[in-house]
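Participant: To start, I am sharing the structure in question, which I have written as structure tokens.
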């Protein structure tokens, strides 16, 4: 028996949902997000070197007192490990790019490798949000490139979780794995990420308001 075709107004949604469940699209999303993070890390690294040479350098993203890459870059939080944090992105994102490109080509990495990648990237995500909180609440200035790193790191993390849950790579208890797989199959993870990013934007606007344009 042939199933009836979906109504015309539902077909774009059906195609979008089908794309969300395609491994190639998943890894392509990871690739794009990692590329954005790598570009941002590269710009931040160059700016850090310029500021080290001349602390008085005015950066292109020094728009006002609130949107100021220079203010953020010259804070102690920008070099927690003794060197610019952006260097970490230059080291980490090429690994994500490799995983994404290989995944698009159909490569399946060992379970232990993907679980390790998830654990390491989770640490990176926590670090990115610590820096975001420091920028928002302590430094009192925002860096557009840093915000891009926060968003792209979130997207890479979410995509990596989706892949690992689908492939059962996270060594979760069976009941937790079944729940997580059901949530992924229902696209609840995508909804959660969308809501989360809207909340981040709301926090920024609510905290600084018209200062962003002053």
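A short reminder: the numbers here are calculations on the coordinates, not readings from a lab. Since this is a predicted model, take the numbers as computed values, not measurements. Cβ: placed from backbone, ideal geometry, glycine included. Neighbour counts: every protein chain shown.
Participant: State the Cα centre-to-centre distance between the stretch 51-90 and the stretch 142-173 in whole Å.
Facilitator: 25 Å
Participant: From the square roots a ≥ b ≥ c of the eigenvalues of the alpha-carbon gyration tensor of the stretch 96-136, which class results: rounded (a/c under 1.5), prolate (a/b over b/c), or oblate?
Facilitator: oblate
Participant: Taking Cα atoms of the stretch 69-156, Rg/Rh with Kirkwood Rh, to two decimals?
Facilitator: 1.04
Participant: Per DSSP H run of n ≥ 4, the term is -39500 (n - 2.57); total these for the chain, divide by its residue number, and report the mean residue ellipticity at 222 nm rounded to 500 deg cm²/dmol.
Facilitator: Rounded to the nearest 500, it is -23000 deg cm²/dmol.
Participant: Stretched out fully, how many nm does the piece from residue 107 to residue 80 gain, at 0.36 nm a residue minus the Cα gap?
Facilitator: Full extension of this stretch gives 6.1 nm more.
Participant: Follow-up question, since we're still on this one. Using Cα pairs under 8 angstrom and six or more residues apart, how large is the relative contact order of the stretch 22-212, in percent?
Facilitator: This gives 32 percent for the stretch 22-212.
Participant: If each residue's Cβ is checked for other Cβ atoms within 10 Å, how do 47, 168 rank with the fewest at the top?
Facilitator: Ordered from fewest to most neighbouring Cβ atoms within 10 Å, 47, 168 come out as 168, 47.
Participant: Viscosity 1.306 mPa s, temperature 10 °C: what is the translational diffusion coefficient of the stretch 113-214 from Stokes-Einstein with a Kirkwood Rh over Cα pairs, rounded to a whole number of µm²/s?
Facilitator: 105 µm²/s
Participant: Kindly state, to the nearest 0.05, the FRET efficiency for residue 58 paired with residue 197, given R0 = 25 Å and r defined as their beta-carbon distance.
Facilitator: 0.25
Participant: Helix 174-185: angle to the longest alpha-carbon principal axis of the chain, degrees 0 to 90, nearest 10?
Facilitator: 80 degrees
Participant: Moving to a separate point now. Quick one: divide the alpha-carbon radius of gyration of the stretch 22-212 by 2.2 N^0.38 Å and tell me what you get.
Facilitator: That ratio works out to 1.10.
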